[in-house]
Every structure is written in C-alpha cells, then in structure tokens.
Amino acid sequence: MSAEILIEPERGHADSFRFVFTTDDGKIAGRVSVAMEGRPDTRSREEKMRAAQIKVEHLAHAFANAISAKRYAHRT
C-alpha cells in the first residue's frame, strides 16, 4: 500500500497548514495549526512546516492503528 502526504501553508494564516493524506483507498484532508501558546512564536517557516509534518504523520499513524485494532465504528 502506498501513501503520500502533501502539506502546504494556508494563505493568510502564518501558523496553519492544509494537508492531504492519500492512499490507494482514498484520501483524508484537513488543517493543522502549529502556533505556540502563551508567547510569540518566533520559529522559522521551515520549523513550522516540520512541526506540521510531524502532526500529520502522527495523525496518519493514529488512523492506521485504530483501523488495525478495529477500534472504529462499523455500519451494518
């Protein structure tokens, strides 16, 4: 099974990124925010992009774990 994650900055939002996670079975799209709370975020665009990538990778891994453990809702 092949998988691809595309992450792009969201226009007008310095700390938000749009993502599309695509596999042979379909795709999941959404948005992640990487802003630091409580103080100004002085990270570079590259550091914020890496933080977004990590968040999306964790999300994709959590989906895979949930499906393999069959902890998702079934419709009968």
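The values are calculated or read from the model by the stated rules, or taken from the named source; none is laboratory data. Here the structure is a predicted model, which is why all the values come from computation and not from measurement. So basically every Cβ, Gly included, is an ideal-geometry build from the backbone, and we count neighbours across all protein chains shown.
If you go through segment 4-28 one residue at a time, how many are in contact with a Phe, Trp or Tyr (Cβ under 7 Å, 6 or more places away or on another chain) and either closer than 26 Å to residue 68 by Cβ or of a type in the set (A, V, I, L, M, F, W, C) (or both)?
Selection size over segment 4-28: 5.
Results for (1) part of a helix (DSSP H, G or I); (2) surrounded by 15 or more Cβ atoms within 10 Å (Cβ to Cβ); (3) under 9 Å from the mean Cα position of the chain (by Cα); (4) modelled with pLDDT under 85, shown as yes or no for each residue.
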{"position": "17", "(1), (2), (3), (4)": "no, yes, yes, no"}
{"position": "20", "(1), (2), (3), (4)": "no, no, yes, no"}
{"position": "36", "(1), (2), (3), (4)": "no, no, no, yes"}
{"position": "58", "(1), (2), (3), (4)": "yes, no, yes, no"}
{"position": "63", "(1), (2), (3), (4)": "yes, no, no, yes"}
{"position": "70", "(1), (2), (3), (4)": "no, no, no, yes"}
>> Looking only at segment 1-15, count every residue that is assigned to a strand (DSSP E or B) and modelled with pLDDT of 90 or more and tell me the total.
In response: 3
> Within segment 38-54, which residues are of a type in the set (Asp, Glu) and not in a loop (DSSP other than H, G, I, E, B)?
Replying inline: 46, 47
